[in-house]
Each structure stands twice: as structure tokens, then as C-alpha cells.
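The values are calculated or read from the model by the stated rules, or taken from the named source; none is laboratory data. Nothing here was measured: the structure is a model prediction, and the numbers come from that model. No Cβ is skipped: glycine too gets one built from the backbone with ideal geometry, and neighbour counts run over all protein chains shown. What goes into the accessible areas is simple: the full protein's heavy atoms, side chains included, and nothing from ligands, DNA or RNA. Shrake-Rupley method; radii C 1.70, N 1.55, O 1.52, S 1.80 Å.
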Amino acid sequence: MTLLTGLLLVVGLFQVPHTPTAQAAPTGSRTVDVTIDSMSPSAPSKNGSVTVSGTLTNDGRSTITDAHIGMHRGDALGGRSSIDNVSRRTGYLPGADGAEIKGSAKKIGKLEPGDSRTFTLSVPVKDLRLDDNGVYQLGVSVSGRSQAAPYGQVLGFDRTLLPWQEADAAKKTQLTYMWPLISSTHLTAETDADAQQTPVFRNDDLAAELAPGGRLQQMVALSKNLPVTFVIDPDLLATVDAMTKSYRVNGPDGPMGKNQAVAKQWLHELEDAAKNHEVVALPFADPDLASLAHHGKRVPSALSHLGPATDLAEKTVDTILGVKPRTDFAWPVDGAIDSSVVDVATSAGAHNVITRSDSLRETGGLSYTPTAARPIGGGTNAVVADAQLSRAFEGDMSKAGRSAHAVQDFLAQTQMINLEDPGRQRSVVVAPQRMPSVSQARAMATALRTLDDSGLWSQPLSLGKAAKAKPDPSATRRVPSGAAYPSSLRRQELPTSAFRQIRGTQAALDDYRVILAQPERVVTPFGSAIMREMSTEWRGDAAGAAGFRRSVRSYLDGLTKKVHLIQKSGATLSGRSATIPVTVQNNLVQGVKDMTLKLTSSQPNRLDVGKAQQITVDGGHSQSFKFATTANANGRAWVTAQLYTADGKPYGDRMTFQVNVTEITATVMLVIAGGVLLLVLAGVRIYLQRKRAAAQRAEGGSDDEGPEGDTGTDGDNGGTDGDEPEQPSDPSPDTGSESSDPSGSGEKVDR
């Protein structure tokens, strides 16, 4: 052992084990957690007052004494970036947050560690000394003494934003707010086998969203008096409409749904609201345009679903809501675009692509927010939603403090846009998250209601008019390249394999529909399900997307197998010609038609199985079809039966059976030979008898006549001697085991 090693061992023996230190308690202006939960009014008038309410909690380890709260007014902010900086800042910064407003202080006494209490402060607007129009910082502080701060100081602080404007702006900003009515996929491809085709739901979760207080119920209720544009996924309308009738919930012995009343009420409220709002319909099931652009284009026919999805969208909204929607808008996920996304978005007839300013970024160094609409070539118009406003209400809005801050930030941003260039009127579009929560929707509604009530710097505008606004010549129009598309979003896209599965399901559906007497019973639910397989809902849920695709294909395969050939055992043919019956089973509730049943012989020189037959089988029946066959030689032959669709494609599994041909057997030959021999012998006997009789007559004619003139010969009445000649029997008719007549329309065999 070396000297160094020995020293290290000794040191190790005396080393004190490391224990993690407890998290340090907050100090300074972060000792007390202050949260502003509300500010009223959000945009005050000159002769009014501002009331701020909230909560405060002593996060320190010592008691705070001589505590009081007070209000602060900071300087006006200089731009939109300043708003972002203020929103992120914590703690008290005297130079920026300003001094405590005289007369605003309110004593709260002692505050023990961990204690929480609510507060309310009210200050006349005139005491805030608001000067020019602008966005001001408004803060609430907790001041006092503690063991760590024996001298009085600010121990807690929170701030919000106060937009201030005395009079209407000369040119108000035109604000368009998209109000999305979108949900996840709830319907399956499955329907019950009744006349009404009772739909089957994946679950009954949609009822909670439609019920009073639910997400979708709140979205409709809050929108009634708001200047918004409805952006609707028609699949949601179709699903809720299905809920108004009889429906079943998926699962073993799935129960019948019981939320028809909730669905009817929601549709009724939406129908009333839609009369006073512009309605934009997305393609049915809200297809993921970016996934189609980046992966779907590699699969033939993937893009062919967009056109029908757009047509179905217009029809669905018009039928259920009684309004004709606009279908010329496309909305990629998060407004992220590149040239391929734009191409796909416009392939189904959309002329306006809703993007976002963090995707179509300004490169010219503009000092103001430009108008949303701008041409990007090929007759396509980009509608660039403002990224900051669009993301203003993301996150958890269930906490009053978070919601209040988000509302004030939104108001401040909209006013700052107007103040950037007061002499230039601009059109601004807001595209929020696709499925806002209840708390997010309420915060959005609060902000919009405040803007609409004040009307000082903004005015509402529909999405259709925003798309036609005069473009800003200085705004960027260059669509980003594919490399600029966010990698975080690209990782969530549907893979190419998903679109291959979708193509396979569509091909199977196309082959299946042509045999049906009522194809619409299958095409409608499966066509909608295939559109749902491409929905933006599956972003970030690869397992859910794959499971849904599998369920659709599995159900379709199960239906196609209900029309099949019944396995036939071997057959024996004992004649030169006979018939072979083949039975088709149809377990569907509807009939099948325009199908061809064809038999193929493995040895046609030995056994000819006849011509193919056109078949029709009623629903719930099996039917036998007879094929006229001709045997040319003895022996065994394999016969294959196969169904075909009208376009010549094989349908279902083929059925193979063996036929034993026994055309001419040894027994038959012996019977025939025996019969011929009997006929020959009978003929010889008759000939000999007649010859003998003739000789006797000739011999009797040479003698003298009898005494009484008897000229007859000896025997019976001139008959010949011996018995009467034996007559041959008639041959028996052919009693082969098979009939030689070919079948007509087939023989129906009820199950």
C-alpha cells in the first residue's frame, strides 16, 4: 500500500456523510407571496376607481410585524416586448414599479409563517396620476418587519398591467377572434344491424362536455354576446346529432346511451347562437394538414379525402344548424406552415390559410404589428394570427391569479398594437388553442367582453372580412421552407405507415361496397371513420391513433367475411354429365348483388365445370347454385370455387373440394352386355319358332281334307305349337345421383 493510498483511506474514515440542505426560505421582496386575483375595472375610466383583490401568504420562516399593503403605479411601457418582460419579472424593483401611492396603504398587522389571507385595495383613478394613453404597471406590495429585516421594507410584491385611454382612438384596431368548437373523436365506424343503424360511440365522455358547466356548453353559452367567428369541426355536429337519437356505447354488451336530452339542448343553443355569428367550417374531422403534407403525399390517394371532407363539412353544417358556412379557410396545427402545407391546405378549395406570426415571421424590421391578411402567391391568402394574443390564454387558467393576469396582458397587448402606429388602422386575428378548457374559455370571454364594452381602441371584425382586408405592403409574404417547420410539431405527426393503413382500409371498403344492395349503409359510417383517422386530434397520441385505425379495419374485415362460401365436402360423379351445387352464405342484414361465382377445375380435360354464374343472395340467407359439369375420363379432380366482384376482383377466401369422376364402371358394362345378350337370344328363339311353324304348315297342306271339311291344323285356334313368345322388358330409366339440368337463379336455403 502506498503512502497516498493510506492517507486517502484515513480521510475516508473521518469523512462526514453528505446530507442535502433544505431549500432556502425566500427573502427580501419574495418573502411574502402576493397574488392579484382580480382587477376591476380592467380598463378604468377617468372619474372612476381601481379595485384590486387577491391573496398573500407568508412563505418566510419568521413572523412579519407592522405589516401593511399598498398600491404602486409604475411608468408607462414602451412596446409589446416590454409587456412580456414585465409579465415575467418577479420581486419588487423600485425604479420600475414606482413608490407606494399615498393613501393606498392598509394595515394587516401580524403575519405568522405560513399564514394566508385575502386583501382588497381600492384607489381613485385620479390618485394614480395617469398621464398619456398607454399601458402602465400596477402593483401591490406587502411591507413590514421580520427577523431577517428588522427595518421596514417591501417583503412581497405582485404586479399587473393597466391599459389607460381617455378617449376613443382615431383609428381603432380591427380585432378578429376565432371561437373554436372542436372536440375529440367519439364515434366509431360500427352501427347496429337495425333499420335506423344505431351508432356506436367509443365512450360517453362527450355528454360531460355538453352538459351544463361542461366545456362545449360553456363555449356556446359564453359566445352568445361576444363578437367572435365560430370555427367548427362538422364532425362534432354530426356526433352530437347522432346523440340526440338512439345510440350505444362501445364495449361488451355496451349499454344504450341516455344523454339525448343534453345533446338536443346543446344543439338548440348552438343553433340560436349561430344565427348571430359568422360560421367557418373546417373539413370534416379537422384533418391534420401538416401530416398529410409531410407524410401523406407519399401514399397515393391520401390527399383525395380532403375534397369529400370539405363537401361533407358544408352539407353537415347546413343540415344541422341551418346556416351555410364558409369552407374556404384552412387551419394547420398551431398555424405552422411551409410550402408543402400550403399546397395541401389549398388542394381542396381553401383560398385562405390561417397561419401564425411565429411561423410567417416578419423580416423587414417593422415597428408595428401589420395587418393579418396578405397574399402569398397562387391566389392564396395567408391570414396571419398574432402569436402573442393567440397564446395568451394557454396554461392553467383555473387559478384566479393566472386568469386575471392573462386578461390584463391580453388587453394591454391589444392597446399597445393600436399605440404602435395610431394613424394606421390594422386588422389583427387571434387563433387560440383548438380545444380551450372551461377556465380558458371564461378568461377569453372576460377579455373580449371588456374590449367590446370599452371600445376605446379596438372594434370587432369577422374572419371573412379580415381575410379581405387591404394587405400591408411592408409585411412579409415569404412562406417558410420545410426546414423551418418546428421539429416539436413534426414529431407529433401521423407517420407514412398510418396513411398506408388508411389506404388499405379505403381499398377494402371500395371492394366491399360494390357487392351491396344498399351500399350507403356502409359507405357513410366507414367514410366518416376514415376521415377521423387523419384528424388533428391524434397529435401526440400515436397509440390512440393506431388503435382507432385498427378498430375500423377490424370491423370492416368482420363485415366482409359475413359473405362467404360454405365449405363443400368431396363429390362423386357417376355419369357423363351431372350438376355440382355450391352454397353462398350471406349473414349481412342486406342483400348482395352483382357478384360472380366461378368454378375452376384442376384438370379440365377430365372434368369441365361449366360457366361462371351471376349471383344474388338476400340478407340473412344462404343460397345454392348448381353448375353443369361434363366428365370426360375417370379419376379425381380438384375444383376451386371463388367469388368475384363486378369489376373482376376476387372476393373473400376461395373454397376447394375434390370431385371423383366414375364415368363408365365395370358393373355398368356387365349390365349392358347382359341386356344385349338377352335380346339376341330372344330374337333367335322367335326366329326358330316361326321357322318350325312354317315347316309344319307346309307339311299339312299336302294331305287330303278332313271328313267335315276341317282345314285347320292341330293346335290352338291355328296357333303355333308351344307357348307364346316371351317379350323383352322395357329398360329402366337412368337414375344417376345428379341432375343434368343447370341451375337457374339458385335454390334458397333459409338458415
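For the stretch 413-431, the set of residues classified as crowded, with 22+ Cβ neighbours inside 10 Å and either basic (Lys, Arg) or farther than 16 Å from residue 81 by Cα (or both) consists of 426, 427, 428, 429, 430, 431, listed by residue number. In the set (1) more than 21 Å from residue 486 (Cα to Cα); (2) under 29 Å from the mean Cα position of the chain (by Cα); (3) not in a strand (DSSP E or B), residue 403 fails one condition alone, (2).
One residue is enough: does the stretch 212-230 have a residue meeting the conditions in contact with a His (Cβ under 6 Å, 6 or more places away or on another chain), free of Cβ contacts under 8 Å to residues at least 60 places away in the same chain and open to solvent by less than 10 Å² (accessible area, probe 1.4 Å)? Taking every residue of the stretch 212-230 in turn, at least one turns out to be in contact with a His (Cβ under 6 Å, 6 or more places away or on another chain), free of Cβ contacts under 8 Å to residues at least 60 places away in the same chain and open to solvent by less than 10 Å² (accessible area, probe 1.4 Å). Among the residues of the stretch 627-659, those identified as open to solvent by less than 10 Å² (accessible area, probe 1.4 Å) and either over 27 Å from residue 508 (Cα atoms) or part of a strand (DSSP E or B) (or both) are 627, 629, 631, 637, 639, 641, 643, 655, 657, 659. Number of residues in the stretch 472-520 that are among the hydroxyl-bearing types (Ser, Thr, Tyr), open to solvent by 50 Å² or more (accessible area, probe 1.4 Å) and more than 18 Å from the chain's Cα centre (by Cα) equals 4.
Listed by first and then second residue, the pairs linking a residue in the stretch 108-126 that is closer than 13 Å to residue 142 by Cα to a residue that is among the β-branched types (Val, Ile, Thr) and outside any strand (DSSP E or B), with Cβ atoms under 9 Å apart and 6 or more places separating them unless they lie on different chains, are 110/63; 111/63. In this structure, residue 250 does not qualify as surrounded by fewer than 14 Cβ atoms within 10 Å (Cβ to Cβ) and either under 21 Å from the mean Cα position of the chain (by Cα) or of a type in the set (Asp, Glu) (or both). Set side by side, the residues 80, 73 differ, and just one is over 48 Å from the mean Cα position of the chain (by Cα) and modelled with pLDDT of 90 or more, which is 73. Run residue 96 past the list (1) within 26 Å of residue 392 (Cα to Cα); (2) among the small types (Gly, Ala, Ser); (3) assigned to a loop (DSSP other than H, G, I, E, B) and report the number of the one that doesn't hold. Unmet condition: (3). If the condition is being among the polar types (S, T, N, Q) and assigned to a helix (DSSP H, G or I), then the stretch 509-533 contributes 524, 528. One residue alone among 287, 300, 283, 332 is surrounded by fewer than 18 Cβ atoms within 10 Å (Cβ to Cβ), under 21 Å from the mean Cα position of the chain (by Cα) and within 30 Å of residue 495 (Cβ to Cβ), and that residue is 300. In summary, helices (runs of 4 or more DSSP H) completely within the stretch 213-309 and bearing 2 or more residues that are over 18 Å from residue 343 (Cβ atoms) and of a type in the set (Val, Ile, Thr) occur at 234-243.
Confirm whether residue 410 is within 28 Å of the chain's Cα centre (by Cα), closer than 23 Å to residue 164 by Cα, buried (at least 19 other Cβ atoms within 10 Å of the Cβ) and not hydroxyl-bearing (Ser, Thr, Tyr). No.
Say whether the condition of being of a type in the set (Gly, Ala, Ser), on the phi < 0 side of the Ramachandran plot and either assigned to a loop (DSSP other than H, G, I, E, B) or in contact (Cβ under 8 Å) with a residue 60 or more places away in the chain (or both) is met by at least one residue in the stretch 314-335. Among the residues of the stretch 314-335, not one is of a type in the set (Gly, Ala, Ser), on the phi < 0 side of the Ramachandran plot and either assigned to a loop (DSSP other than H, G, I, E, B) or in contact (Cβ under 8 Å) with a residue 60 or more places away in the chain (or both), which makes the answer no. Among the residues of the stretch 84-119, the ones that are of a type outside the set (A, V, I, L, M), open to solvent by 30 Å² or more (accessible area, probe 1.4 Å) and touching a Gly at 6+ places or on another chain (Cβ under 8 Å) come to 5 in all.
Checking the stretch 639-659 against the condition returns no match, with no residue being more than 30 Å from residue 522 (Cα to Cα), modelled with pLDDT under 95, of a type in the set (Gly, Ala, Ser) and out of contact with any Ser or Thr (no Cβ under 6 Å at 6 or more places or on another chain). Looking only at the stretch 33-52, residues that are of a type in the set (Gly, Ala, Ser) and not in a strand (DSSP E or B) come to 4 in all.
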